[in-house]
Amino acid sequence: MRISKKEKAKEIAKILDKIYPEVPIPLEHEDPYTLLVAVILSARCTDARVNQITPLLFKKADDPKSMVKLKVGEIQAIIRPCGLSPAKAKNIHQMSEILLEKYSGKVPKTFEELEALPGVGHKTASVVMSQAFGVAAFPIDTHIHRLAHRWGLSSGKSVVQTERDLKELFPENTWNKIHLQIIYFGREYCPARGHVKEKCPICSKYGI
Ligand code: SF4
């Protein structure tokens, strides 16, 4: 069956709505600050591991004021299982200092301000804008990048291109939901290696 990219995206969205009618936010958090810290920790680490570590960190410090009172080394010792702990601990400490100095301890609500914080790139900023503030954004993680390519919705050349393509194909008011649905689908059905097209609820249907 030959359909346009836009139609395919629409059909995929319908299937994802059926499989994942609810889309809980994978990283446990209390507020925008704790989400921001959790997203920084999630770089090259699984959400499950981050969710094991954040309660230990947040017991000691769950806001910028208490975080800056910890030494970088103390943060590092707690977050070590998440990997890249020297850089992540430094970034969390510095980022908390900047929030106190420039934003009265609050997480800013613009991409520009977020992306200027240490350890915060466009993807992290997009997660916070989407999941903490409900602003339409399309954070592209490794799953979304892979699936968009496999589904033929994007060329897979770069995450920047994938974000641009998916934003064009899916209506803006669905971005916050569909990016999570694709992540869940990627984790459950679409492994990086060894996928079985015939068994797949999406590719088997559309001959992708
Ligand atoms: S067949 Fe399924 S698992 Fe394989 S690429 Fe398609 S969606 Fe992913």
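The values are calculated or read from the model by the stated rules, or taken from the named source; none is laboratory data. Keep in mind that what you see is a predicted model, and the values were worked out from it rather than measured. Quick reminder, even Gly has a Cβ in these numbers, built from the backbone with ideal geometry, and neighbours come from all protein chains shown.
Can you tell me which residue within the stretch 173-204, out of those that are of a type in the set (Phe, Trp, Tyr) and within 12 Å of the ligand (Cβ to nearest atom), is farthest from the chain's Cα centre (by Cα)?
The residue in question is TYR189.
Any residue that is basic (Lys, Arg), within 16 Å of the ligand (Cβ to nearest atom), within 18 Å of LYS10 (Cα to Cα) and in a helix (DSSP H, G or I) - is there at least one of those in the stretch 165-172?
Scanning the stretch 165-172, I find no residue that is basic (Lys, Arg), within 16 Å of the ligand (Cβ to nearest atom), within 18 Å of LYS10 (Cα to Cα) and in a helix (DSSP H, G or I), so the answer is no.
Quick check: anything in the stretch 37-48 surrounded by fewer than 20 Cβ atoms within 10 Å (Cβ to Cβ), of a type in the set (D, E, K, R) and in contact with a Ser or Thr (Cβ under 9 Å, 6 or more places away or on another chain)?
So far as the stretch 37-48 goes, no, none of its residues is surrounded by fewer than 20 Cβ atoms within 10 Å (Cβ to Cβ), of a type in the set (D, E, K, R) and in contact with a Ser or Thr (Cβ under 9 Å, 6 or more places away or on another chain).
Does any residue in the stretch 55-71 that is over 14 Å from ALA89 (Cα atoms) and of a type outside the set (D, E, K, R) come within less than 8 Å, Cβ to Cβ, of a residue that is modelled with pLDDT of 95 or more and outside any helix (DSSP H, G or I) six or more places away or on a different chain, and which pairs are these?
Close Cβ pairs satisfying both conditions: PRO55/GLU28.
With respect to the numbered conditions (1) more than 23 Å from PRO21 (Cβ to Cβ); (2) touching a residue at least 60 places away in the same chain (Cβ under 8 Å); (3) within 16 Å of the ligand (Cβ to nearest atom), which one is the sole condition not fulfilled by GLY119?
With (1) more than 23 Å from PRO21 (Cβ to Cβ); (2) touching a residue at least 60 places away in the same chain (Cβ under 8 Å); (3) within 16 Å of the ligand (Cβ to nearest atom) applied to GLY119, the lone miss is (3).
Among what's in the stretch 84-97 and is among the small types (Gly, Ala, Ser) and surrounded by 15 or more Cβ atoms within 10 Å (Cβ to Cβ), pick the residue that is nearest to ARG49 (Cα to Cα).
SER85
Would you pick out the residues in the stretch 133-155 that are part of a loop (DSSP other than H, G, I, E, B) and either among the aliphatic types (A, V, I, L, M) or in contact (Cβ under 8 Å) with a residue 60 or more places away in the chain (or both)?
Those that are part of a loop (DSSP other than H, G, I, E, B) and either among the aliphatic types (A, V, I, L, M) or in contact (Cβ under 8 Å) with a residue 60 or more places away in the chain (or both): PHE133, VAL135, ALA136, ALA137, ILE140, TRP151, GLY152, LEU153.
Tell me whether the stretch 156-172 contains one or more residues that are of a type in the set (S, T, N, Q) and either touching a strand residue (DSSP E or B) at 6+ places or on another chain (Cβ under 6 Å) or surrounded by fewer than 20 Cβ atoms within 10 Å (Cβ to Cβ) (or both).
Yes, the conditions are met somewhere in the stretch 156-172.
Among the helices (runs of 4 or more DSSP H) lying completely within the stretch 1-97, list those that include at least 3 residues that are in contact with a helix residue (DSSP H, G or I) (Cβ under 6 Å, 6 or more places away or on another chain) and more than 27 Å from GLY152 (Cα to Cα).
Where helices (runs of 4 or more DSSP H) fall fully within the stretch 1-97 and carry at least 3 residues being in contact with a helix residue (DSSP H, G or I) (Cβ under 6 Å, 6 or more places away or on another chain) and more than 27 Å from GLY152 (Cα to Cα), they are 32-41, 47-60, 64-69, 72-79.
I'm trying to understand the selection: among the residues of the stretch 98-115, which are over 21 Å from the mean Cα position of the chain (by Cα), surrounded by fewer than 14 Cβ atoms within 10 Å (Cβ to Cβ) and in a loop (DSSP other than H, G, I, E, B)?
The one that is over 21 Å from the mean Cα position of the chain (by Cα), surrounded by fewer than 14 Cβ atoms within 10 Å (Cβ to Cβ) and in a loop (DSSP other than H, G, I, E, B): SER104.
Being small (Gly, Ala, Ser) and surrounded by fewer than 20 Cβ atoms within 10 Å (Cβ to Cβ) is the requirement here; does ALA148 meet it?
No.
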